[in-house]
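Take a look at the structure set out below.
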Amino acid sequence: MNQPVSETRDGTPPRPLRQPEPGTPAQSALDALVENGRQTDVRGRRAVSNWDLPAERLDQTSARSRTADGWSEWSWELTPTDSGVRSARFSPTAVALVLAGVATVLWAVALPGVAPERTNGWGLLPGLPALWYLAFAVSMASLLIAVVATDGRLWLRAIPFVIFCLIVLGTTSVIYEVPRYAWTYKHIGVTEYLIENGVPALDVDIYQNFPGFFYLAGIVHEVTNIPLMLMARYSEFGFALLNAAAVYWAIGALSRSVGVRGTATVLFTLTNWIGQNYFAPQAIAFPCAVLVIGGYLRLLAINHGRPRRGRLWSQLSRPQHEHFWASPLAVILVLFVFAFVVVSHQFTPVVVLLQVLAVSAVLLVRRPWLLTVMGVFELLWMLHAYPFISRHFSLVQFSGYDNIRPPEAQKPVLPGTEVMAQIPHVLVLFVVVATVAGALLALKRQRSLSSVLLPGVLAAAPIALVFCQSYGQEGILRAYLFALPWCCLVIARDLLQADRLRSSAGVTAATLMVLFPLAVLFVPSTLGNELTNRIDAADVAADRWFERNTPDGSELLLLVPAYPSRSTGNYTVHVLQDDPLSPALLHDLAGFSGAAKTGKELHDFTRSYVAVQDPYHDIYLALGPTQEQYLRLYGLVGPKEYQDYLSRLSADKTHFELVYSSDGSYLFKAL
């Protein structure tokens, strides 16, 4: 019979093991240990799980990463058995790692069979071979097992997550010759400009006024000799991992449970369909912003700024390395990261300030000097950038519904596009419903707002900003992204109760039931719009030729915006439109839809536009596979009409001269 332990870590009498009812089979050692919420190590001492510790005990034990008694806040290294000895028979983490390795091998074998030329309205999905889907299925099983596993070290359980992201996000990085997204290339151009010139040209575009990210990318390039194009190709995978690490760490300020933090991080990754992890300032500004919030919450937990102590303040977890967070170095670090955000992106620091303000308000911080310093940083840099911003943008926009309306887009005509377009709606609906359900359950169990108030204000603050700044109709998308980590915390902690993954089969089953469909949807939400996301390498080469070989002041003319323009440091010497985001587009001109019915009419329409432009600068019309994909997706110009249009331009020696041609990409100079 199991004997009660005579002494515990905190000196309190241990809870006796429940004895079996008369006439019932004897309870196994493992069942007894799980039921009593504790575990016995090989020397008979009581091992404590950080999942089951009360808040006051967490504060006392969280600083210990590993002790001589064999327990860790990150994991339990022993798998319990009837004899209390380490078991080699079954380890969920080991199974997850084996599956991750198998998935990696399958994926590597499947990559040569990926056929980007089969991309259609269903995105890249038809071009992925069956072996790729098998690799994805195995990696998904590995990820789900790792999420609910309670054995093994944290970094081992993170490996399946890395492999899962590699398979989904890394496929296009390996298969495509150049980075995805037409809007990636203007960031490469700004980086090249700063590498070549050193000083930003403040009157050129908004990016030159917020150069932090571009300087950092340039330094990495100069130190490592990694080409910018290669950095951009793999940025989605890299930033996805950086986001996950930042979210996991920041949520640790409100929850000590590794189960909650891990589940919330995976939820965040699977429901983040915004697609902003490409080579861009906002891609690095977001994880930095999350780190600032996590750092600020840790500072408040040790009484920085003198918040009002009470039930709400007790929701904050005291940081592991309390001596560091009590030092001035911690404050300097938080301010440094925030300053980098300020000089890198115009929207993100305002969101951070609102979140810090909201947290300070609900915690009644009596000395919010850190918030004041952050506000001064933002104000000074906005004054620096104001001359350009005031000429091209509005700092405040009160436009009612227009501010929260998602950006308008062309309506695709190919089969499959409607289904792909609904997936983001499904993910947003899940996040909203699950967050509300989790909050209501928390209120029902605790009869207090304290447990959900902090994540609630952190999620609500970005949404409030949208009502006074639409950010080019993308504000609502950014608000969703900044609210997402804290919504996922509520879902994991209060709805799924992931802190009970160790002890409840029901919690494990519910977690798997939620994560499985989200993991399945992760593929189409990432790869389902490749007719616009994929950029042809021939068009990249054509644009770089244009910027390096045409006279200063030349203008690039496009049919539609799907083109990798402004991809070199020479972009500043060419004609830039008032809207610095794209070159001149024939598609935006009145009468384009009527002229696009035949190749002849489109040719005449192009010639009419060129004839009325400024005669003192050259105009180059660019055509290529990337624009052709866009035209096919939205049914703007048929394949036959496009080829007829191309033939007429080539034959019209009076008005157009073909100056560049390579792999289906063309540049015509208007004469």
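The values are calculated or read from the model by the stated rules, or taken from the named source; none is laboratory data. This is a predicted model, so every value here is computed, not measured. With ideal geometry, Cβ positions are generated from the backbone for all residues, glycine too; neighbour counts draw on all protein chains shown. These accessible areas exclude ligands, DNA and RNA; they are computed on the full protein's heavy atoms, side chains included. Shrake-Rupley method; radii C 1.70, N 1.55, O 1.52, S 1.80 Å.
A single entry from S647, S593, S554, S608 fulfils the requirement of being among the hydroxyl-bearing types (S, T, Y) and touching an Asp or Glu at 6+ places or on another chain (Cβ under 9 Å): S554.
Has segment 324-335 got any residue that is in a helix (DSSP H, G or I), aliphatic (A, V, I, L, M) and in contact (Cβ under 8 Å) with a residue 40 or more places away in the chain? Yes, some residue in segment 324-335 is in a helix (DSSP H, G or I), aliphatic (A, V, I, L, M) and in contact (Cβ under 8 Å) with a residue 40 or more places away in the chain.
Any residue that is in a loop (DSSP other than H, G, I, E, B), in contact with a strand residue (DSSP E or B) (Cβ under 9 Å, 6 or more places away or on another chain) and more than 21 Å from V162 (Cβ to Cβ) - is there at least one of those in segment 492-504? Checking segment 492-504: at least one residue is in a loop (DSSP other than H, G, I, E, B), in contact with a strand residue (DSSP E or B) (Cβ under 9 Å, 6 or more places away or on another chain) and more than 21 Å from V162 (Cβ to Cβ). If only residues of segment 632-661 that are in contact (Cβ under 8 Å) with a residue 60 or more places away in the chain and surrounded by 21 or more Cβ atoms within 10 Å (Cβ to Cβ) are counted, the one that is farthest from the chain's Cα centre (by Cα) is V637. Take the conditions hydrophobic (A, V, I, L, M, F, W, C), more than 19 Å from G528 (Cα to Cα) and surrounded by fewer than 22 Cβ atoms within 10 Å (Cβ to Cβ) and apply them to V147. Does it pass? Criteria not met by V147. V356 meets each of the listed conditions (1) of a type in the set (V, I, T); (2) touching a helix residue (DSSP H, G or I) at 6+ places or on another chain (Cβ under 6 Å); (3) in a loop (DSSP other than H, G, I, E, B) apart from (3). Could you list, in sequence order, all residues of segment 115-134 that are open to solvent by less than 20 Å² (accessible area, probe 1.4 Å) and under 20 Å from A519 (Cβ atoms)? G123, L124, L128, W132 - these are the residues of segment 115-134 that are open to solvent by less than 20 Å² (accessible area, probe 1.4 Å) and under 20 Å from A519 (Cβ atoms). Of V260, V223, all but one fail to be open to solvent by 10 Å² or more (accessible area, probe 1.4 Å) and either out of contact with any strand residue (DSSP E or B) (no Cβ under 7 Å at 6 or more places or on another chain) or free of Cβ contacts under 8 Å to residues at least 60 places away in the same chain (or both); the exception is V223. Of the residues L477, L443, L465, L489, the single one that is modelled with pLDDT of 95 or more and not in a loop (DSSP other than H, G, I, E, B) is L489. Check segment 402-412 and report whether any residue there is at pLDDT 90 or above, open to solvent by less than 80 Å² (accessible area, probe 1.4 Å) and not hydrophobic (A, V, I, L, M, F, W, C). Scanning segment 402-412, I find no residue that is at pLDDT 90 or above, open to solvent by less than 80 Å² (accessible area, probe 1.4 Å) and not hydrophobic (A, V, I, L, M, F, W, C), so the answer is no. For A137, the stated conditions do not hold, so it cannot be described as under 14 Å from I167 (Cα atoms), buried (at least 18 other Cβ atoms within 10 Å of the Cβ), of a type outside the set (D, E) and out of contact with any Pro (no Cβ under 8 Å at 6 or more places or on another chain). The set of residues in segment 521-562 being aromatic (F, W, Y) and either open to solvent by 20 Å² or more (accessible area, probe 1.4 Å) or over 24 Å from the mean Cα position of the chain (by Cα) (or both) consists of W545, F546.
Test L370 against the stated conditions and say whether it is touching a residue at least 60 places away in the same chain (Cβ under 8 Å), over 24 Å from C468 (Cα atoms) and part of a helix (DSSP H, G or I). Taking the combined requirement at face value, the residue satisfies it.
Pairing each residue of segment 475-492 that is buried (at least 24 other Cβ atoms within 10 Å of the Cβ) with any residue that is of a type in the set (D, E, K, R), provided the two are 6+ apart or on different chains, yields C-beta distances under 8 Å for A492/R261. Might you let me know whether segment 201-212 holds any residue that is modelled with pLDDT under 95, open to solvent by 40 Å² or more (accessible area, probe 1.4 Å) and of a type in the set (D, E)? Yes, that holds for at least one residue.
Residues are listed down the side, and each one gets a yes or a no for (1) surrounded by 22 or more Cβ atoms within 10 Å (Cβ to Cβ); (2) farther than 23 Å from I284 by Cα; (3) in contact with a Cys (Cβ under 9 Å, 6 or more places away or on another chain):
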{"residue": "P319", "(1), (2), (3)": "yes, yes, no"}
{"residue": "W325", "(1), (2), (3)": "no, yes, no"}
{"residue": "L329", "(1), (2), (3)": "no, no, no"}
{"residue": "A361", "(1), (2), (3)": "no, yes, no"}
{"residue": "W369", "(1), (2), (3)": "no, yes, no"}
